[in-house]
Amino acid sequence: MSLFKRGKTWWVRFTTPSGERIRCSAATEDKTQAQEFHDKLKAEAWRVVKVGEKPKYTWDEAAYKWLMETQHKKTHHDDVSKISWLQQYLRGKYLHEITREEIARIGELKLKTTTPATANRLLALIRSILRRATLEWEWIDKAPTIKLYREPKRRIRYLNADEANKLIQELPVHLADIVQFSLATGLRRANVTKLEWSQVDMRRNVAWIHGDQAKAGKPIHVSLNSTAMTVLERQVGKHPKTVFTYKGMPIKQVNTRAWRKALKRAGIEDFRWHDLRHTWASWLTQNGVPLNVIQEMGAWESSEMVRRYAHLAPAQFAAHARVVDAMFSGTNLTQSK
């Protein structure tokens with residue numbers, strides 16, 4: 001059969017005049033659309049072999065090939081979702097017919113219901129697929145230029161010590177421990193909730209996050225200070241595998257009603273769970289820890305991400321600024337009063 005189903009999605013299967021077997025997803029649950037896609041591919045294959053035309057590839061083929069080649073990516077599931085949404089606009093279109101104006105219209109439609117950052121991630125995916133189709137697969141001669149939207153600068157929200165203590169006091173014990181551990185280590189939410197005892201060495205006061213668990217894809221070494229160790233000691237014996245639990249079960253969700261109510265009782269507004277990581281980095285910066293050290297400890301891939309905290313270290317910068325004073329000392333460059 002030329003058409004067959006996998007789950008709810010129709011797939012195309014046929015043999016070209018040259019004997020090549022074609023099998024790919026039609027990326028639709030509609031049989032009529034799948035048949036149209038099949039006929040278009042088959043006609044194109046016939047022209048390539050019989051007339052000698054250069055092969056023309058569709059968005060569907062490029063999207064499918066991209067997904068097959070990027071299954072290792074952590075964002076693979078997100079890419080599948082984005083491509084599924086894009087199908088309503090790009091299904092069946094030849095790559096060389098996709099213009100900058102058409103892509104811009106898609107971006108505008110997405111922007112009506114999402115933030116510039118979300119729209120940009122969609123546009124960036126289109127750009128990556130078309131660039132690969134140009135530079136690696138050589139399916140098209142040139143990819144259209146895609147302009148991204150200007151994004152507002154990321155906000156930095158952090159707690160002072162009093163606010164942090166007040167929040168911890170308002171939280172139930174299991175969440176209070178996770179919050180305290182997060183503030184002590186700067187680890188991301190998933191790295192804390194999924195932490196296992198096999199990743200902790202209590203004798204050496206260290207823990208580690210495996211590369212496939214880290215956002216940047218690289219292993220993270222975690223130096224456990226006294227605060228973090230005290231929290232871990234309270235968890236010993238609660239579960240044989242997972243560090244943080246609630247009623248004997250691993251904790252999967254932290255953005256709960258208990259978390260939100262505790263924030264309200266503590267009088268803390270406009271604060272997300274991820275801001276605990278901002279708080280950790282802000283405290284280190286304010287106490288003179290160099291930004292490059294914070295970048296290494298926090299496992300940020302780009303120094304640009306850490307520069308967001310630079311304005312919190314005026315005293316540290318003032319000390320460096322005083323270096324110039326020595327250049328004027330004992331010279332006639334200084335003006336007497």
Rounded to the nearest 10 Å², the accessible area of GLU69 at probe 1.4 Å: 70
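D for the stretch 44-158, whole µm²/s, Stokes-Einstein with Kirkwood Rh over alpha-carbon pairs at 10 °C and 1.306 mPa s: what number?
103
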Cα-based convex hull volume of the stretch 1-111 per residue, rounded to whole Å³: 121
Spherically averaged projected area in nm², based on the convex hull that wraps the Cα atoms of the chain: 28.2
Expected 222 nm ellipticity per residue - DSSP helices of 4 or more, -39500 (n - 2.57), all of the chain, to 500: -14500 deg cm²/dmol
Per residue value of the accessible surface for the stretch 204-299 (all protein chains in place, 1.4 Å probe), Å²: 59
LYS194 - accessible surface, heavy atoms, 1.4 Å probe, Å² rounded to 10: 130
Gyration tensor (alpha-carbon) shape descriptor, the stretch 150-252, a/c threshold 1.5: oblate
Above-threshold pairs, the threshold being 32 Å between Cα atoms, out of LYS93/LYS147; LYS73/LYS153; LYS218/LYS264: LYS218/LYS264
Candidate residues HIS221, HIS274, HIS174: accessible-area rank, largest first, probe 1.4 Å: HIS221, HIS274, HIS174
R0 of 41 Å, Cβ-Cβ distance ARG47-LYS215: FRET efficiency to nearest 0.05: 0.35
Between the stretch 1-45 and the stretch 149-209, the Cα center-to-center distance that results, in Å: 49
Whole-angstrom gap from the stretch 71-146 to the stretch 224-286, using each part's C-alpha centre: 38
Cα→Cβ-extended label distance, 7 Å offset, between ARG131 and ALA318, nm: 4.4
Solvent accessible area, Å² - LYS261, 1.4 Å probe, full protein context: 110
Whole-Hz couplings from phi, Karplus 6.51/-1.76/1.60, listed for the stretch 92-98; x for Gly and Pro: x, 7, 6, 4, 6, 9, 7
Helix 226-235 axis, angle to the chain major axis (alpha carbon atoms, nearest 10°): 70
Cα pair distances of the stretch 121-164 binned at 10 Å [whole percent]: 23, 29, 16, 14, 11, 6
About the Cα centre, charge dipole magnitude for the chain (Lys/Arg +1, Asp/Glu -1 at Cβ), debye: 660
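The values are calculated or read from the model by the stated rules, or taken from the named source; none is laboratory data. Keep in mind that this is a model prediction, so the values were computed, not measured. No Cβ is skipped: glycine too gets one built from the backbone with ideal geometry, and neighbour counts run over all protein chains shown. Note: areas computed on protein heavy atoms with side chains; ligands, DNA, RNA excluded. Shrake-Rupley method; radii C 1.70, N 1.55, O 1.52, S 1.80 Å.
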